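S.K.: First the structure, then my questions, so here it is.
Just so it is clear, none of the values below were taken in a lab; they were calculated from the coordinates. Keep in mind that this is a model prediction, so the values were computed, not measured. A quick note on method: Cβ atoms are made from the backbone with ideal geometry, for glycine too, and the neighbour counts reach across all protein chains shown.
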Amino acid sequence: IDFDLILENVKDLNALAGEGVSQIEHTPGGARLRQPEPLPLTLYQNGIVMFNGPFRPYEDPSTQQCLQDIMDGYFPSELQMRYPDGI
């Protein structure tokens, strides 16, 4: 696992997802600025935790696919169900 590549690509993906850019959210009385919700990803020596989910060891095939997507420069494909319109 190339941690440097993962960190570099996460930074690029964050920029693509609009990190630091506010969006207008319409409310009944007007509107307000809203920051996109962060998607927490914690890397450990032997696995990852995404969101507040369970620990996922690197040996797990779904974890390997998730990290491979990131190393390839894409958002993890497993997030498509949660974010059907993209992040």
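S.K.: Compute the relative contact order of the chain as a whole-number percentage, counting only Cα pairs closer than 8 Å that sit 6 or more residues apart in sequence. Show your work: numbers first, answer last.
M.R.: Values: 76 pairs, mean separation 19.0, N = 87.
Reported as a whole number, the value is 22 percent.
S.K.: Once amide H atoms are placed 1.01 Å from N in the peptide plane, what residues at a sequence separation of 5 or more from G47, or on another chain, have their amide H within under 5 Å of its amide H?
M.R.: Residues meeting the amide H criterion: Y58.
S.K.: Sticking with this one: Could you order peptides 36-49, 16-29, 61-74 by the average number of other Cβ atoms within 10 Å of their residues, highest first? It would help to have the intermediate numbers written out before the result.
M.R.: On the way: 36-49: 12.4, 16-29: 9.6, 61-74: 14.6.
Ranking the peptides 36-49, 16-29, 61-74 by packing returns 61-74, 36-49, 16-29.
S.K.: Ok, one more. Evaluate the charge dipole of the chain about its Cα centre and quote only its size in Debye, nearest 20, assuming +1 on the Cβ of each Lys and Arg and -1 on the Cβ of each Asp and Glu. Write down the numbers at each step before the final one.
M.R.: On the way: 5 positive and 13 negative charges, 90 e Å.
Around 440 debye, computed over the chain.
S.K.: A further question follows. May I ask which residue of G18, V49, P76 lies farthest towards the positive end of the charge dipole of the chain, with charges of +1 (Lys, Arg) and -1 (Asp, Glu) on Cβ and the Cα centre as origin?
M.R.: G18
S.K.: Compute log10 of I(q)/I(0) for the chain with the Debye formula, placing one identical point scatterer on every Cα and leaving out solvent, at q = 0.20, 0.22, 0.25 Å⁻¹, to two decimals.
M.R.: With one equal scatterer per Cα and no solvent, log10 I(q)/I(0) is -0.99, -1.15, -1.40.
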